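Here the structure is laid out as structure tokens; the discussion comes afterwards.
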Amino acid sequence: MSAYQLLVLIMHNKPDANMNSSVMAPGKSRNFNSSPERTKPLLEVKNLKVYYPVHGGLLRRIRGYVRAVDDVSFNVPPGSTVGLVGESGSGKTTIGRCLVRLIRPTAGSIRYLGNETGSLSKKNFFPYRKKIQMIFQDPFNSLNPRMSVEQILGEPLSIHFPQMNIEHRRDRAAELLSQVGLKPDHLRRYPHQFSGGQRQRIGIARALAVEPEFIICDEPVSALDVSVQATIINLLQDLQEELGLTYLFIAHDLAIVEHISNYVLVMNRGKIVEQASAEDIYRSPKHTYTKKLLEAVPRL
Amino acid sequence: MIRHLFKEIARRPLGVVCLTILGILYLCTIFSQFLAPYLPTDQDLNNAYHPPTRILMVEWRPHVQVYEQVDPSAARYEPVEGATVPVSFFSSGAQYRLWGIIPADIRLFQVEEPHRIYLLGSDGTGRDVFSRLLYGAQVSLSIGFIGICITMTLGFIVGGVAGYFGGRVDFAAMRLVEFIIAVPSLYLLIALRGALAEYFEPEQMYLVIVIILSLIGWAGAARIIRGMALSLRQRPFVLAAEVMGQSSFRILFKHFLPNLASYLLVAATLSIPAYILAEAALSFLGLGIQEPGTSWGLMLQQAQELKVFTLNLWWLLLPGAAIFITVITFNVLGDVLRDIVDPRQQMVKR
Ligand SMILES: Nc1ncnc2c1ncn2[C@@H]1O[C@H](COP(=O)(O)OP(=O)(O)OP(=O)(O)O)[C@@H](O)[C@H]1O
Ligand SMILES: [Mg+2]
């Protein structure tokens, strides 16, 4: 499943690689070709650092730190898709998890609509759990194998819409399923009865259940077959247009990121080495690391 | 999941055999008051060390052979030619309370006093070994069950919490676990028994043993569950639950528990024998169940006399056979369950 094959597949949406922005795929509000700083950002990350202590020796004393994320700043404008690329281990997942408080940042600030969220306590962060959601890379592990689809989709509903009764929740779950291209009678099935692509759709439906504004997609397609990758990406784009979502789209494949994003952050060893609009990155990469990444993508 | 397990067991002959044996054992235990012809304390000093009575068919109805004691010092009994008593089925006898609640007096089979039916012989005071085995099973078979329920609950809570929260909670929990595991369990058993004994009546010894065994047993379970919880903790579906704002308590019970359930079941099945054996050991040492209660271990202890061997009173060793069968069956069933639950080990074996 090379990047080349994928490019061929998504070319249906993209007749010319070095295009002008008017012929872009639907769902991409590519009205701005400049930096996203112009609109008020939905999310502002400033000087974010995540250091993991490295223990060593007999007494397991702290020997040093892994700088998984080292002084990273970026903005995410509302309604846009910001791509985050970088090779394995560059700290992409760590950033994504900081934003949803799975990891506490070592330093730095995260502002959501101007409000600081990075230092909130677990309880005070709770309201943001309804606004920020996450889609995971591995569709085989991101669904509890012991829960039916109805239970999987019902869980976020019962947390954030406690007034819903069971029938209400079931209706809403069925609605979510059809929104991601599955059938309502899939509700009673269990995750192992679905293909990888279908599971990823369930993962997307679960993220949508709380009616979020912002979704972090952590390599949502890299575990999938190339042909399936394109359909999931198109689904994400359609949903974005329909629901006005904002994405932080993490991938290590520049071809996908370039296709879906308005704006691209290139990460290497915990630092953002280049950030620019998707076109600029593709047309005139500045940083040598970006050039290296681009070389992996066949130009057409 | 349970239905699936049963289906899988039904496909394995060994599993079916084990389930059947255990099913019969537990059914007998539940209805022991109805099945046993005598109370476990019913003595008959004229019939000490009576061998198992012969059952004859007279006019198509089962009768019990009548015996005569020929040598009281050697506990020798000779059948009296032609003298038999009929066995009566479902007739009423001495009152008992079924499960301690329902008053009843019907028993499966009896013979008329003063004759006695000893299916499996009698002990030194003429008590019926068969009846005592049934009543003893109530203790010996339930202790493993109740003990394992407490152990697994404790193990899951401690291990799950340690694995889920990690950090200091984990550290504290694991040091405690290591401490308990490091102390040899027989010493701990005897020490705890000594410490607890003064707070309980002898009749409550059952309770004491359950508490002691569970206090010792949870540590091993907690350590393994903690390891599994640590890896579950990083599974994306648990992260997803956290991202959607699920409470830690619900994550433990909705996400951890169902995914650990099959492990818990296998571990429980495999460790029930340890409880049965521990109860037997305690009772055998005179530290467990006390008269007038019965348990298999206590019965074995009472069969320690040299007479049992010199006079070949083999029926007094039957509690040992009962323990053996139960322990083996649980172990084999545990293995079958593990094969079902963890197919990886199965592949290695084949
Ligand atoms: N819990 C942890 N303790 C120590 N180091 C960690 C921990 N989690 C991640 N790291 C390190 O932080 C760095 C960044 O990891 P991260 O998972 O964010 O990379 P990534 O860009 O998402 O990679 P991939 O493309 O493979 O998913 C890696 O070097 C990793 O080894
Ligand atoms: Mg990652």
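Under 8 Å for C-alpha pairs, at least 6 residues apart: give me the relative contact order for the stretch B:45-126, rounded to a whole percent. So the answer I get is 38 percent. Which percent of the accessible heavy-atom area of chain A goes to carbon and sulfur, probe 1.4 angstrom? C and S atoms contribute 50 percent here. At a threshold of 40 Å², the residues of the stretch A:145-177 that become less accessible to a 1.4 Å probe in the full protein assembly than in their chain on its own are A:ARG146, A:GLU155, A:ILE159. Evaluated with a Cβ-only charge set (Lys, Arg +1; Asp, Glu -1), the stretch B:45-126 carries a dipole of roughly 300 debye about its Cα centre, given to the nearest 20.
When +1 charges are put on Lys and Arg Cβ atoms and -1 charges on Asp and Glu Cβ atoms, the dipole computed for chain B relative to its Cα centre reaches about 2060 debye. When the charge dipole of chain A is built from unit charges on Cβ atoms (+1 for Lys and Arg, -1 for Asp and Glu) and taken about the Cα centre, the candidate among A:GLN275, A:SER261, A:GLY79 whose Cα reaches farthest toward its positive end is A:GLN275.
Only helical runs count toward this figure. For chain B, summing -39,500 (n - 2.57) over DSSP H runs of n ≥ 4 and dividing by all residues gives -19500 deg cm²/dmol at 222 nm. Cross-link check: pairs A:LYS123/B:LYS254; A:LYS131/A:LYS286; A:LYS131/A:LYS292 evaluated at a Cα-Cα cut-off of 31 Å; pairs beyond the cut-off: A:LYS131/A:LYS286; A:LYS131/A:LYS292.
Taken per residue, the accessible surface of the protein assembly as shown reaches 47 Å², heavy atoms only and a 1.4 Å probe. Averaged over the residues of peptide A:207-214, the number of Cβ atoms from other protein chains lying within 10 Å of each residue's Cβ is 1. With +1 on each Lys and Arg Cβ and -1 on each Asp and Glu Cβ, and nothing else charged, work out how big the dipole of the protein assembly as shown is about its Cα centre, in Debye to the nearest 20. I would put it at about 2820 debye. Screening chain B for whole DSSP H helices with an alpha carbon extent of at least 30 angstrom along the helix axis and a mean Kyte-Doolittle hydropathy of at least 0.5 yields B:129-165, B:205-233, B:257-284, B:318-341. Inter-chain Cβ neighbour count for A:100-106, averaged per residue, equals 2 (cutoff 10 Å, partner chain atoms only). Annotation: amide H-H contacts under 5 Å for A:GLU219 (H modelled 1.01 Å from N, sequence separation of 5 or more, or interchain): A:ILE250, A:ALA251. For B:PHE109, the residues whose modelled amide H falls within less than 5 Å of its own, excluding neighbours fewer than 5 places apart on the same chain, are B:PHE90. Of the residues B:GLY245, B:LEU257, B:GLY297, the one whose Cα sits farthest towards the positive end of the charge dipole of the stretch B:219-320 is B:GLY245 (charges of +1 on Lys and Arg Cβ, -1 on Asp and Glu Cβ, taken about the Cα centre). For the peptide B:240-253, the mean number of other protein chain Cβ atoms found within 10 angstrom of a residue's Cβ is 6. Cα centroid separation, the stretch A:204-262 to the stretch A:51-95: 22 Å. Farthest toward the positive end of the dipole of the protein assembly as shown, out of A:MET164, B:GLY159, B:TYR96, is the Cα of A:MET164, where the dipole comes from beta carbon charges about the Cα centre. Running a GNM on chain B with Cα contacts under 10 Å, which residue among B:THR326, B:THR20, B:THR153 ends up with the highest mean-square fluctuation? It is B:THR20. Between A:THR94, A:THR246, A:THR231, the Gaussian network model of chain A with springs among Cα atoms under 10 angstrom shows the greatest mean-square fluctuation at A:THR231.
Rank B:PHE145, B:PHE179, B:PHE130 by mean-square fluctuation in a GNM of chain B with C-alpha springs under 10 angstrom and give only the top-ranked residue. Maximum fluctuation in the GNM of chain B, among the listed residues, is at B:PHE179.
The values are calculated or read from the model by the stated rules, or taken from the named source; none is laboratory data. What you see is a predicted model; the values in this text were computed from it and never measured. Note that each Cβ is placed from the backbone with ideal geometry, even for glycine, and that neighbours are counted across all protein chains shown. Just so you know, the surface numbers come from the protein's heavy atoms only, side chains and all, with ligands and any DNA or RNA stripped out. Shrake-Rupley method; radii C 1.70, N 1.55, O 1.52, S 1.80 Å.
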